[in-house]
DNA sequence: CGGGGTAAGTTGTCTGACAAATACTACGAG
DNA sequence: CTCGTAGTATTTGTCAGACAACTTACCCCG
């Protein structure tokens with residue numbers, strides 16, 4: 001395919017994901033307000049120029065994400081739930097979380113280095129122990145105040161022949177650099193979290209007293225083939241944000 | 001509408017959910033091991049006795065839940081991802097979490113009372129301020145050691161004419177009582193959490209020093225019609241469990 | 001004015017077919 | 001013998017139309 005300046009979105013994958021994005025867009029922009037009923041499936045399918053099967057594919061995904069609710073014989077409705085700002089279900093970065101809270105996101109003390117992977121890191125990233133990893137450490141600020149200390153760890157081979165990339169990661173989102181410069185799209189991640197107290201090194205970097213309350217988040221991100229790409233450790237100030245999670249079930253015990 | 005609180009086991013739902021349950025069962029039982037490829041859609045559809053469209057509906061749901069991965073032209077594979085024990089994505093109760101960790105779940109200091117709803121509670125549960133709510137407070141133990149203090153708040157009218165139900169809630173899971181005795185199935189919930197320090201009352205109930213690390217979780221559960229049913233406050237010992245979350249995306253966002 | 005039945009509307013399911021992408025195989029060049 | 005390449009088979013994605021199951025609203029009747 002000849003290279004165009006901006007490949008709108010034509011080439012990517014199944015057509016149903018385009019439909020999904022179009023519908024989420026309409027919901028986000030308020031074109032489809034919460035609680036309202038969507039047009040019927042045949043009508044909406046014709047309007048979007050796809051078959052009803054493809055539309056249903058997209059609707060099923062949206063229902064799984066909690067954005068719409070389908071009722072047999074009645075219609076499909078936009079969920080009127082609290083469209084929570086930073087839901088942990090979707091894999092946002094720290095920058096997005098800060099901006100979603102209406103504050104200005106910044107970075108301090110950004111630095112990176114290479115080191116041999118520890119046994120734990122090698123296991124998470126599917127490397128041989130001792131292979132080099134790139135560690136990117138940043139202190140993220142909201143309106144100038146340090147709120148998160150993050151350490152992102154990824155295989156060094158990703159940036160081996162691209163010397164400038166590590167510097168880019170200090171300035172921009174790592175997800176963004178991975179996708180735009182390396183063509184690696186993060187598909188999903190698994191996060192584990194626990195309350196901890198700030199030890200002396202973390203306290204110094206975040207400029208808080210030792211023993212302060214933090215939420216520690218360990219996360220591993222995978223691409224669409226379940227290959228581990230990056231492992232992250234984050235320490236969040238306890239009162240910086242509230243995290244929310246949309247939980248499914250247990251209302252499916254009937255069978 | 002005829003008053004049918006909840007028909008026994010009349011398979012009210014769509015057939016695709018039965019297919020979904022059957023497939024999750026096979027994955028959970030190990031019949032379909034992680035990483036293996038499922039039979040092709042036509043083959044699996046005939047085996048399950050449904051059309052391919054219905055099977056795809058179920059597969060779509062499973063993909064959204066992260067249990068399988070579909071690859072165009074290749075096949076559908078059981079996700080070999082971390083089938084984490086207590087993932088926050090699914091709405092388990094404290095009892096399930098304790099048992100999943102291989103410990104014995106118990107309850108201490110269970111008690112309940114009625115009180116007028118506070119403004120915040122009334123808003124969450126869609127009540128008039130001042131209407132009575134039932135508050136169920138329990139200390140949950142794992143192998144005899146207190147690990148969670150929980151307060152569940154629900155409209156008093158649910159148990160107004162069933163005096164024994166509140167006592168049942170001290171012994172069994174509230175979800176279970178809601179579903180079996182009241183015909184109310186919790187469909188989903190939204191949880192918010194934050195690290196906190198134990199104040200004096202919480203510390204006394206959990207038998208820990210004041211200032212100990214806790215994870216506070218506020219949650220509101222809804223039925224299938226987005227009606228708020230119960231509001232919960234839980235205080236978890238920081239080192240009792242690790243919570244994990246499966247995070248989608250960021251994949252491809254248009255904007 | 002209330003109740004019940006009927007009809008219209010909507011989602012769920014089925015059937016069959018073709019398109020698009022991938023995995024496998026056979027073949028030929030080096 | 002090794003490697004790359006083209007072709008074929010397999011698998012998921014999409015399409016079209018039809019009918020079934022279910023809900024809602026309207027109209028008619030008591």
Fill in the blank from the handout: Note on the stretch B:37-75: residues on the phi > 0 side of the Ramachandran plot and either more than 6 Å from DNA strand D (Cβ to nearest atom) or out of contact with any strand residue (DSSP E or B) (no Cβ under 6 Å at 6 or more places or on another chain) (or both) are B:49, B:66, B:73
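Check every one of the strands (runs of 3 or more DSSP E) wholly within the stretch B:170-254 and list those with 3 or more residues that are in contact with a helix residue (DSSP H, G or I) (Cβ under 6 Å, 6 or more places away or on another chain) and buried (at least 18 other Cβ atoms within 10 Å of the Cβ). Can you show your working first?
Values: elements: B:186-197, B:213-223, B:228-237, B:243-248.
By residue number, B:228-237.
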Practice task
Those residues that are exposed (fewer than 14 other Cβ atoms within 10 Å of the Cβ) and near DNA strand D (Cβ under 10 Å from one of its atoms), I need them from the stretch A:13-36; list them, please.
Solution key: A:13, A:14
Handout entry: Residue selected from the stretch A:35-58 under the condition without any contact (Cβ under 8 Å) to a residue 12 or more places away in the chain and within 12 Å of chain B (Cβ to nearest Cβ), by the criterion farthest from DNA strand C (Cβ to nearest atom)
Key = A:51
Problem - Members of the stretch B:199-228 found to be within 11 Å of another protein chain (Cβ to nearest Cβ) and more than 20 Å from residue A:63 (Cβ to Cβ), listed by number - result: B:211, B:212, B:213, B:214, B:215, B:216, B:217, B:218, B:219
Problem - So residue B:32, is it at pLDDT 80 or above and within 14 Å of DNA strand C (Cβ to nearest atom) - result: no
Problem - Neighbours by Cβ (under 9 Å, 6+ apart or cross-chain): first from the stretch A:73-98, more than 11 Å from every other protein chain (Cβ to nearest Cβ); second in a loop (DSSP other than H, G, I, E, B) and modelled with pLDDT under 75 - result: A:97/A:85; A:97/A:86
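The values are calculated or read from the model by the stated rules, or taken from the named source; none is laboratory data. All figures in this text were calculated on a predicted structure; none of them were measured in a lab. Note: ideal-geometry Cβ built from the backbone for every residue, glycine included; neighbour counts use all protein chains shown.
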